[in-house]
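Enquirer: Once you've had a glance at the structure underneath, I'll fire off some questions.
The values are calculated or read from the model by the stated rules, or taken from the named source; none is laboratory data. Just so it is clear, the model here is predicted, and its values are computed rather than measured. Cβ atoms come from the backbone with ideal geometry, glycine included; neighbour counts cover every protein chain shown.
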Amino acid sequence: MTDEQIHVEVAYAREHAQALLTVKGPSGLSVAEAVERSGILDRFPEIDLKVNKLGIFGKLVRLEHVLQSGDRVEIYTPLIADPKQARKERAGGAAKSGRAKESAEAGST
């Protein structure tokens, strides 16, 4: 086993509070270990690693994923609304108010 140390960041954001914490650990450090070492779970007790998804630079990863130096572990908050359903509701509202028709007519001239 090597004594090489890696540096990673752990990020979490809510509407009125954000945290970006630097973690130093041994080569082979997992996502779960980095989150634990960061202390972010004490700072934001609402984080539940069984519920919140995690990623590295926007790509979802599992808790056992082994980190590389320079990685940023992102803890994602659950979505408030399903994006697909929200788009449908917005489109339905635009159709009822006539905006969808006006937009289509403007595009055909």
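Enquirer: Between a residue in the range 74-89 that is of a type in the set (D, E, K, R) and any residue that is surrounded by 12 or more Cβ atoms within 10 Å (Cβ to Cβ), which pairs come within a Cβ distance under 8 Å, given they are 6 or more apart or on different chains?
Expert: Glu74/Ala11; Glu74/Tyr12; Glu74/Leu54; Glu74/Gly55; Glu74/Ile56
Enquirer: Sort out which residues of the range 43-77 are aromatic (Phe, Trp, Tyr) and either outside any loop (DSSP other than H, G, I, E, B) or over 16 Å from Gln18 (Cβ atoms) (or both), and write them in order of number. Quick ask: steps written out before the conclusion?
Expert: Taking the range 43-77 as the starting set, the residues that turn out to be aromatic (Phe, Trp, Tyr) are 44, 57, 76.
Correct list: Phe57 only.
Enquirer: Out of Val23, Val35, Val61, report the one residue that is at pLDDT 95 or above, within 12 Å of the chain's Cα centre (by Cα) and hydrophobic (A, V, I, L, M, F, W, C).
Expert: None of the others qualify; the one that does is Val61.
Enquirer: A further question follows. Determine whether Leu20 is touching a strand residue (DSSP E or B) at 6+ places or on another chain (Cβ under 8 Å) and buried (at least 17 other Cβ atoms within 10 Å of the Cβ).
Expert: no
Enquirer: Since Ala94 meets every condition but one in (1) surrounded by 12 or more Cβ atoms within 10 Å (Cβ to Cβ); (2) in contact with a Ser or Thr (Cβ under 8 Å, 6 or more places away or on another chain); (3) at pLDDT 95 or above, which condition does it not meet?
Expert: (3)
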